[in-house]
Every structure is written in structure tokens, then in C-alpha cells.
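Single-structure report; data block below.
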Amino acid sequence: MTARLTSALLVSALVRRVFAAGEHAAILNRGDADAGALLFLVAEKGRVVKMVERGIGPAGIAQPVNVGPQRIENLEEINDYVARRRLRDPDLWVIELDGANAERFAAETILTH
């Protein structure tokens, strides 16, 4: 059995990396410190453009998967989706990443998690 990094440690390291790159990260909801799932709101200039989380691809390997509304029109859609997810999974972490490399940071974290 291989040891896994805790969700809290991954998120903490991610936030430091994002800020070190001159971009922005915000933890919107803290989940289970040990094994909570991670949901990323990927933003460009303050506007969320997609939501991604860890999924399993056809080859059985972890990969980023787009989730939530496919066309995000307003903040209410995002809040509704996050609220529904947190009702089903109160251990869920919700992290917003904003910047040119936001999607890359999310993908790297997903592949590590």
C-alpha cells in the first residue's frame, strides 16, 4: 500500500504554489483534512469558466474531469452546484484558482491526489 498525501496538505501546498506564481487561490469550503475530495473552480480574471475534479479515465488512471454546468452563465449556477455536491459529500473541498495557469495547477493537484 502506498502512502497518500492528505487533502489538507495538498491544498496547502497548492495555495502556496499558486501565490508564488503570482496568481490567486481561495479555499471556499474546507473538507475532510485526510481524504476529502477536491473540486476546483477554474477562473479567468475573476470569472469561473469551468469546474474540474478528479475522475478515472478509460485506462483506469486519475485525470481531471469537467463537472457541473457545461455553460456557466452566472454565479448562482455555481453556488447551486457546489451546494448540491456538499449535501451529498460534506467532506468536499472547494478551491477557486484564478490565473493563466489555474487549469494546470488543478490538473497537477488532481494527478497527485
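Under the condition of being under 17 Å from Glu103 (Cα atoms) and part of a loop (DSSP other than H, G, I, E, B), which residue from segment 38-68 is most open to solvent (accessible area, probe 1.4 Å)? Of everything passing the filter in segment 38-68, Lys45 is most open to solvent (accessible area, probe 1.4 Å). Pairs are defined by a Cβ separation below 6 Å, a sequence spacing of at least 6 or placement on different chains, a first member in segment 59-75 that is at negative phi, and a second member that is assigned to a loop (DSSP other than H, G, I, E, B) and open to solvent by less than 40 Å² (accessible area, probe 1.4 Å); the pairs so defined are Gln63/Gly57. Can you tell me which residues in segment 13-29 are surrounded by 13 or more Cβ atoms within 10 Å (Cβ to Cβ) and in a helix (DSSP H, G or I)? Answer for segment 13-29, where residues must be surrounded by 13 or more Cβ atoms within 10 Å (Cβ to Cβ) and in a helix (DSSP H, G or I): Ala13, Leu14, Val15, Arg17, Val18.
The values are calculated or read from the model by the stated rules, or taken from the named source; none is laboratory data. Keep in mind that this is a model prediction, so the values were computed, not measured. Note that each Cβ is placed from the backbone with ideal geometry, even for glycine, and that neighbours are counted across all protein chains shown. Side chains included, ligands, DNA and RNA excluded: accessible areas come from the protein's heavy atoms. Shrake-Rupley method; radii C 1.70, N 1.55, O 1.52, S 1.80 Å.
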